[in-house]
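Input: a single structure, listed below in structure tokens.
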Ligand SMILES: Cc1cc2nc3c(=O)[nH]c(=O)nc-3n(C[C@H](O)[C@H](O)[C@H](O)COP(=O)(O)OP(=O)(O)OC[C@H]3O[C@@H](n4cnc5c(N)ncnc54)[C@H](O)[C@@H]3O)c2cc1C
């Protein structure tokens, strides 16, 4: 397979048995058989076609900031888009950007151009593609508010444009989570405002994050989606689980809505902890906690 991949992607952008722990903000995850870092739509198309021909499973990701990857890794080809496909053009109040651009970079560019609407995204450590798939949001804003359309690729390598309304964007959800479409780029519409005012809002959000979130530890952000009528942090705290740990996975002492990796957590530790929290929430409060984190690969 390596020899075949090399026909389409330069050798220095292919890794064999690459630990996913090096590509996730959780710093957890076993090896993927092959990881490729495409720099063009054509390269993605060619890799997809090859994988279909060779019957290799494909996994596409951005910056790995919402992932819990199995300790056994992933048998197949992982396509990493984060920080590779990252062009960005601004025209009037519209921004066209490729999926791999970091949200922090995108929101800084928007602010510098006097465009408001992406202030919420500055502290989210993901890529634009991942943010569209997750309909990422914070501080009263979400991708849905600014997205006009995306360009996506299906598993046959066809390019298709979808308008935002086609994507069924909801609270941390989109139809993209249940398809094998790859988000290649997005067109966003923002609102003109003074750069200093936008930057002030971004600084306030960043301060709030630093104060409330356990940014000093690896994590994948909020572990669970907010169930109706509850806030996850206070609920988990009420169940006496703040600081509770399994192996190296701990319910953050700073914010009980985050599971953090205190050093040597495995995916099994995190899953064990997630299941324990879910069980207690169900038994003690009748609440079903759904993970916001995406779980990849075989989990015991
Ligand atoms: C400290 C911290 C704080 C966070 N704060 C927030 C927050 O405030 N709000 C929030 O919403 N999230 C937050 N997150 C979670 C995460 O950053 C977001 O969900 C982010 O949008 C994920 O982007 P990513 O590129 O890292 O996606 P990944 O984690 O790489 O992937 C997430 C999912 O999207 C898919 N995917 C990624 N890129 C593509 C693509 N181009 N095409 C098709 N599928 C793709 C993957 O297969 C996976 O299913 C936080 C995470 C951390 C670690």
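The values are calculated or read from the model by the stated rules, or taken from the named source; none is laboratory data. Worth saying up front: this structure is predicted, and the values here are computed from it rather than measured. Methodologically, a virtual Cβ is constructed for each residue, glycine included, from the backbone with ideal geometry; neighbour enumeration extends over all protein chains shown.
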Only one of 81, 85 that is modelled with pLDDT under 95 and within 11 Å of the ligand (Cβ to nearest atom): 85
Condition met for residue 111 (more than 20 Å from the chain's Cα centre (by Cα), at pLDDT 95 or above and within 27 Å of residue 214 (Cα to Cα)): yes
Criterion: assigned by TED's automatic domain parsing to the domain that holds residue 122 and away from the ligand (no atom under 12 Å from the Cβ) - qualifying residue of 227, 234, 192: 192
Residue pairs meeting the criteria (Cβ under 7 Å; at least 6 apart or on separate chains; first on the phi > 0 side of the Ramachandran plot and not assigned by TED's automatic domain parsing to the domain that holds residue 184, in region 25-45; second in a strand (DSSP E or B) and at pLDDT 95 or above): 27/261; 29/19; 29/69
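If a residue must be in contact (Cβ under 8 Å) with a residue 40 or more places away in the chain and under 21 Å from residue 82 (Cβ atoms), how many such residues does region 158-197 contain? Don't jump to the end; show me each part of the working.
The initial filter retains those residues of region 158-197 that are in contact (Cβ under 8 Å) with a residue 40 or more places away in the chain, namely 159, 171-172, 174, 176-177, 180, 182-195, 197.
Filter again for under 21 Å from residue 82 (Cβ atoms), leaving 159, 172, 174, 176-177, 180, 182-188.
Count: 13.
Each row is one residue, and each column tells you yes or no for (1) near the ligand (Cβ under 8 Å from one of its atoms); (2) surrounded by 17 or more Cβ atoms within 10 Å (Cβ to Cβ).
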{"residue": "90", "(1), (2)": "no, yes"}
{"residue": "94", "(1), (2)": "no, no"}
{"residue": "97", "(1), (2)": "no, yes"}
{"residue": "106", "(1), (2)": "no, yes"}
{"residue": "110", "(1), (2)": "no, yes"}
{"residue": "114", "(1), (2)": "no, yes"}
{"residue": "122", "(1), (2)": "no, yes"}
{"residue": "127", "(1), (2)": "yes, yes"}
{"residue": "131", "(1), (2)": "yes, yes"}
Subset of region 253-272 that is buried (at least 22 other Cβ atoms within 10 Å of the Cβ) and in contact with a strand residue (DSSP E or B) (Cβ under 7 Å, 6 or more places away or on another chain) - its residue that is nearest to residue 20 (Cα to Cα): 267
Those helices (runs of 4 or more DSSP H) lying entirely in region 191-300 with at least 3 residues more than 27 Å from residue 29 (Cβ to Cβ) and touching a helix residue (DSSP H, G or I) at 6+ places or on another chain (Cβ under 6 Å): 195-212
Test: residue in region 207-216 that is more than 9 Å from the ligand (Cβ to nearest atom) and in contact (Cβ under 8 Å) with a residue 12 or more places away in the chain: yes
All positions within region 49-86 that are in contact with a strand residue (DSSP E or B) (Cβ under 6 Å, 6 or more places away or on another chain) and over 24 Å from residue 5 (Cα atoms): 66, 67, 68
Where residue 7 falls short, out of the listed (1) buried (at least 21 other Cβ atoms within 10 Å of the Cβ); (2) more than 24 Å from the chain's Cα centre (by Cα): (1)
Answer from 159, 184, 147 - the residue that is at pLDDT 95 or above and within 12 Å of the ligand (Cβ to nearest atom): 184
Which numbered condition residue 74 fails, given (1) within 14 Å of the ligand (Cβ to nearest atom); (2) modelled with pLDDT of 95 or more: (2)
